[in-house]
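Below is one structure, written out as structure tokens; the observations come after it.
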Protein chains: 2
Amino acid sequence: MSSERLIYLPLGGAGEIGMNAYVYGYGPQDKERLILVDLGVTFPDMDTTPGVDLIMPDMTWLKERVDRLEGIFITHGHEDHIGAIAHMYSSLSVPIYARPFTANLARRKMEEAGHDPANVVTVEAWPEVTRLGPFTVGVAPMSHSIPESGALVIDSPAGRVVHTGDFKLDPNPLVGEPFDPEMWAQIAAPGIQALVCDSTNVFSTHPGRSESELPEPITELFANAKGMVAATTFASNVARVKTLAKAGEKAGRSIVLLGRAMRRMIEAAVETGVLSDFPKTISPEDASDVPRENLMLITTGSQGERRAATAQLARGKYRGLELKEGDLFLFSSKTIPGNEKGVIHIINQFSEKGVDVVDDSSGLYHVSGHANGPDLEALHDLLKPKMVVPMHGEHRHLRQHARLAEAKGIASAVVVNGMMMDLTGDAPKVTGCVDTGRTYLDGTVKYGALDGIVRDRIRMALNGHVTVTVILDEEDEPLGEPWCDIKGLAETGSSNAALVEVMEEDLNQFLMRAGAKTLRNEEKLEQELRRIARQSAQSEIGKKPEVTVVVSRMR
Amino acid sequence: MSSERLIYLPLGGAGEIGMNAYVYGYGPQDKERLILVDLGVTFPDMDTTPGVDLIMPDMTWLKERVDRLEGIFITHGHEDHIGAIAHMYSSLSVPIYARPFTANLARRKMEEAGHDPANVVTVEAWPEVTRLGPFTVGVAPMSHSIPESGALVIDSPAGRVVHTGDFKLDPNPLVGEPFDPEMWAQIAAPGIQALVCDSTNVFSTHPGRSESELPEPITELFANAKGMVAATTFASNVARVKTLAKAGEKAGRSIVLLGRAMRRMIEAAVETGVLSDFPKTISPEDASDVPRENLMLITTGSQGERRAATAQLARGKYRGLELKEGDLFLFSSKTIPGNEKGVIHIINQFSEKGVDVVDDSSGLYHVSGHANGPDLEALHDLLKPKMVVPMHGEHRHLRQHARLAEAKGIASAVVVNGMMMDLTGDAPKVTGCVDTGRTYLDGTVKYGALDGIVRDRIRMALNGHVTVTVILDEEDEPLGEPWCDIKGLAETGSSNAALVEVMEEDLNQFLMRAGAKTLRNEEKLEQELRRIARQSAQSEIGKKPEVTVVVSRMR
């Protein structure tokens, strides 16, 4: 037994907020039986990943060891925990375990991607457990901003690990189970070897606030509204959507759900029995018969996503509905860093329409789904783990969380993606280092972040692009003059002649002077043509563009 | 006289925060004599303006009326107020008026661009005035986050207009003049026709805080620091830089200024007598002889700019200096919306080095340079203008500011770029509409935002690029096979063959079938080749790339 060990290896989510994927293993070194916890995505942006559709963790390490993989557990239905399962399933074909609501969402994803939804196994909450190789895994209810979030209680011969998933200590989350200190005290009773713990809000120094604080101010806000009312939040925050709908209903308004994700999420919540007592909704078409002061829209796109319902309403009509002077729009949400400009743009568009926008700056209309600093300490105190391994955070979050734990005398370590840790002893111990990275889904293709494809796109965006075409005859002599085409570049520069003409002239000069040796050397010729085109552009317009050189030879 | 009028026309800065440019005119309609207040820039981003160096207001309207332009007044030295003067000077060659410190900065810009710095005229503060055509213009000191900010007192036969520039009501800004209610009461005594007023912080509901609140907590923070200390703020916030340096000095540290803007700004402030008693600084080279616990770096790049000193320190060494475990880095600044990801990236890089980062979230280490909502109301009350015209704000800010004024019974209007207002009567009145826009500086070339150049770059970034080359012989028959080259696209797609080969094959199939009519029709042929290349890419990799088609004809 002494040669067996318990390992923890984050492949995503440690050192970033997004694309969670955590491996646990138990057994002799390099023969550990493995389970994967979560398999999420992160979202691209124009700065670093233009044109990319989704970003997923690079699962190469696990794919190469799929014969040792017992199963995948999904803690909850947020995209950064569940979003990659269908995209990765063909190379990680093991059962996927989740609680009913999360399993419902997982099955929809599997079906859409053409995988058998029966690969998703519904598990019941703790104290029910699933045995997988050396592991016994239970899913213990945690309060979060989506129903049925679960922390994993992972037992092995090396002891009990609690993997929190995302959580907050909410005694009354309105939908889903409250945080239950008694259950957790019981779970902790045999002793916790390691607490692997959400770090998102570690820098918030006040205790977190309950979802139950929101219905009163939101109801009051809507009660005083005169025209049409609309509100946005994450569709997956089913409790919030219910609060918004109930507040609308109390104000005598018919509820319209706008955006596919909003309708699907509420559908899944009702189907699985998570959500009851949701006000009756009407379709956008039927809304046209209802006076606008009796309407309440609940929309997708709280992060300013250009194609979502909120952005479309800000631009103009959406499914026949339009906001006007004197209407009210509520952002019952926090803007995720990076999305500020998009959200502000929408607020200004609403302002131009005369719509009054209310956001979360007052603190009245939104609460976070994650445990704050003091809440994390409370959980440390409740579970009294031998060690705390911070996860679900950027480096700064993990570091701060490790400090909190260490300040209490609990062993801790900053563990980022690719660090394989041995959790068997008294403190987390580095036992290896694994190559990790990001896999991009781009159209229908997946490739690695370091493949250079996105780098080329960014270069074209920053520098513009020139195509240079040269034709050489059977003797490798230039046939006609070189030809240039530009994209994303100014047409005229310092000499007031067309940029392409200046480049063509410079390239032609070079070709006239070039010797047979250069003209016959494919690589050298391309390199020189590229250099000259860039030089011409630099002197004409002060930019060095990306260049595609096409040399056609008649021989 | 009754046919003469006072007009106000924002060409930049109204409906946005950035690139300020406001025209005032007085005289008979279409014969008004004009002055321009401020000529600033705004900064590009990857989302909307990749590769662009600077964004300036489109000054076409004013250029066409430059014979009526009497002069340009610059309220203060921030880039969004002064940044475009040298870039635009060749087509707006009139004297530029500013107070000494601002004039010093303006002359540096003029010199660098090869313009005569003597075109910048230094003016003294109110009650000194400059007569320009029908206008008498005084520059009245205002407190702001840069020395010598000035509000303009613009007198004409239509009465007195106060154009605030950027300001806050700071009784003790440490460097530069305090806000002086008595002076302003005197200025207001004859009656104010219109107050054209900064709106940036209108949504902040508490009174603004004074710069003088910062030295104590900053001094305390540095006094307790153990290793090297570094801090960043806007270089132009000379008072803050002084506070940081003084706090460092008190803690027994030698001061190193890092970043060109930082050194230049302090130089200009000392040169013009604005700044005195600044601690002695040492060069980065001399710093190597000083123990690290006796060093304090003050760096550029508080907004996460990739090439600035802060970002370089976060990545590694900068000019021989390096931050390490246990060092302290202070962001004495607020992150401007859109810059969050860059700043957070730097904080995480510092975290990886073990550097403790302190930011403004505690409220102790930064105050804003703009008047908050209650401060704006206080200025309304003090000046008692006939009308308030909100400026320097996004639409939402202007609208909220107009509401504040109207709630007090003061006439107001939301005026955005291009709206020409008649300020002669009892309320702002729309009297015309002017085409406005943005001019991009890109390398050494200027062009319009709507010229399509940047649009093409964004498309290449999102969709990738394909070059298609086809050669036709003297009879317009294909000579050899088509040739494709890709940039920013996956090399292999669904059929597992190289994408370029699939495209070349599809294009070849088309050329074999194409009739002479198609092959001879330049436009049609290109269009078809583009369509087929996009179709191949769509079916192979699920993307429709940008395509450059080069058809070479041998005839």
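Numbers for the structure displayed
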| read-out | value |
| --- | --- |
| Residue that is most open to solvent (accessible area, probe 1.4 Å) [pool: residues in region A:9-38 that are small (Gly, Ala, Ser) and within 18 Å of A:Glu79 (Cα to Cα)] | A:Gly15 |
| Helices (runs of 4 or more DSSP H) lying entirely in region B:213-285 (those with 1 or more residues that are under 29 Å from the mean Cα position of the chain (by Cα), among the hydrophobic types (A, V, I, L, M, F, W, C) and surrounded by fewer than 21 Cβ atoms within 10 Å (Cβ to Cβ)) | B:260-271 |
| Meets criteria (in a loop (DSSP other than H, G, I, E, B) and open to solvent by 10 Å² or more (accessible area, probe 1.4 Å)) for A:Glu148 | yes |
| Subset of region A:513-530 [closer than 16 Å to A:Glu501 by Cα and away from every other protein chain (no Cβ under 13 Å)] | A:Leu529 |
| Residues being at the interface with chain A (Cβ under 9 Å from one of its Cβ atoms), open to solvent by less than 30 Å² (accessible area, probe 1.4 Å) and not charged (D, E, K, R) - total across region B:453-496 | 13 |
| Search result, residues across region A:435-487 that are touching a residue at least 60 places away in the same chain (Cβ under 8 Å), β-branched (Val, Ile, Thr) and out of contact with any strand residue (DSSP E or B) (no Cβ under 6 Å at 6 or more places or on another chain) | A:Val454, A:Ile458 |
| Residue within region A:530-537 that is open to solvent by 50 Å² or more (accessible area, probe 1.4 Å), more than 30 Å from A:Ile458 (Cα to Cα) and assigned to a helix (DSSP H, G or I) present | no |
| Pairs with Cβ under 9 Å, 6+ apart, first in region B:404-415 and closer than 15 Å to B:Gly393 by Cα, second part of a strand (DSSP E or B) and open to solvent by 30 Å² or more (accessible area, probe 1.4 Å) | B:Ala413/B:Met419; B:Ala413/B:Lys429; B:Ala413/B:Val430; B:Val414/B:Gly15; B:Val415/B:Gly15; B:Val415/B:Val430 |
| The listed residue being modelled with pLDDT of 95 or more, away from chain B (no Cβ under 14 Å) and either open to solvent by 10 Å² or more (accessible area, probe 1.4 Å) or over 23 Å from A:Leu6 (Cα atoms) (or both), out of A:Val52, A:Val41 | A:Val41 |
| Complete set of residues in region A:286-324 that are part of a loop (DSSP other than H, G, I, E, B) and either crowded, with 20+ Cβ neighbours inside 10 Å or of a type in the set (A, V, I, L, M, F, W, C) (or both) | A:Val290, A:Thr300, A:Gly301, A:Ser302, A:Gln303, A:Gly304, A:Ala308, A:Leu323 |
| Residue within region B:448-461 that is under 21 Å from A:Leu441 (Cβ atoms) and of a type in the set (Gly, Ala, Ser) present | yes |
| Pairs with Cβ under 6 Å, 6+ apart, first in region B:151-171 and open to solvent by 10 Å² or more (accessible area, probe 1.4 Å), second among the aromatic types (Phe, Trp, Tyr) | B:Ser156/B:Tyr26; B:Ser156/B:Phe135; B:Leu169/B:Phe179 |
| Residue check, B:Phe203 at pLDDT 95 or above, in a loop (DSSP other than H, G, I, E, B), under 21 Å from B:Val274 (Cβ atoms) and under 28 Å from the mean Cα position of the chain (by Cα) | no |
| Matching residues, region B:410-452, being within 14 Å of chain A (Cβ to nearest Cβ), under 18 Å from B:Ala21 (Cα atoms) and of a type in the set (Val, Ile, Thr) | B:Val414, B:Val415, B:Val416, B:Thr439 |
| Subset tally (residues that are among the hydrophobic types (A, V, I, L, M, F, W, C) and closer than 14 Å to A:Ile35 by Cβ) for region A:86-135 | 9 |
| Per-region count, region B:325-362, residues surrounded by 19 or more Cβ atoms within 10 Å (Cβ to Cβ), more than 7 Å from every other protein chain (Cβ to nearest Cβ) and among the hydroxyl-bearing types (Ser, Thr, Tyr) | 3 |
| Long-range neighbours under 6 Å by Cβ, at least six apart or interchain, first residue more than 7 Å from chain A (Cβ to nearest Cβ) within region B:539-552, second open to solvent by 20 Å² or more (accessible area, probe 1.4 Å) and in a loop (DSSP other than H, G, I, E, B) | B:Glu540/B:Ser494 |
| Qualifying positions in region A:434-450 - surrounded by fewer than 21 Cβ atoms within 10 Å (Cβ to Cβ) and closer than 22 Å to B:Arg534 by Cα | A:Leu441, A:Thr444, A:Val445, A:Lys446, A:Tyr447 |
| Meets criteria (more than 20 Å from A:Ile486 (Cβ to Cβ), in contact with a strand residue (DSSP E or B) (Cβ under 7 Å, 6 or more places away or on another chain), buried (at least 18 other Cβ atoms within 10 Å of the Cβ) and modelled with pLDDT of 95 or more) for A:Leu525 | yes |
| Number of positions in region B:270-308 that are touching a residue at least 60 places away in the same chain (Cβ under 8 Å) and within 19 Å of B:Asp360 (Cβ to Cβ) | 7 |
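The values are calculated or read from the model by the stated rules, or taken from the named source; none is laboratory data. The model shown is predicted, which means the values in this text are computed figures rather than measured ones. Heads up, the Cβs are rebuilt from the backbone with ideal geometry, glycines too, and the neighbour counts pull from every protein chain shown. For accessibility, only protein heavy atoms count, side chains too; no ligands or nucleic acids. Shrake-Rupley method; radii C 1.70, N 1.55, O 1.52, S 1.80 Å.
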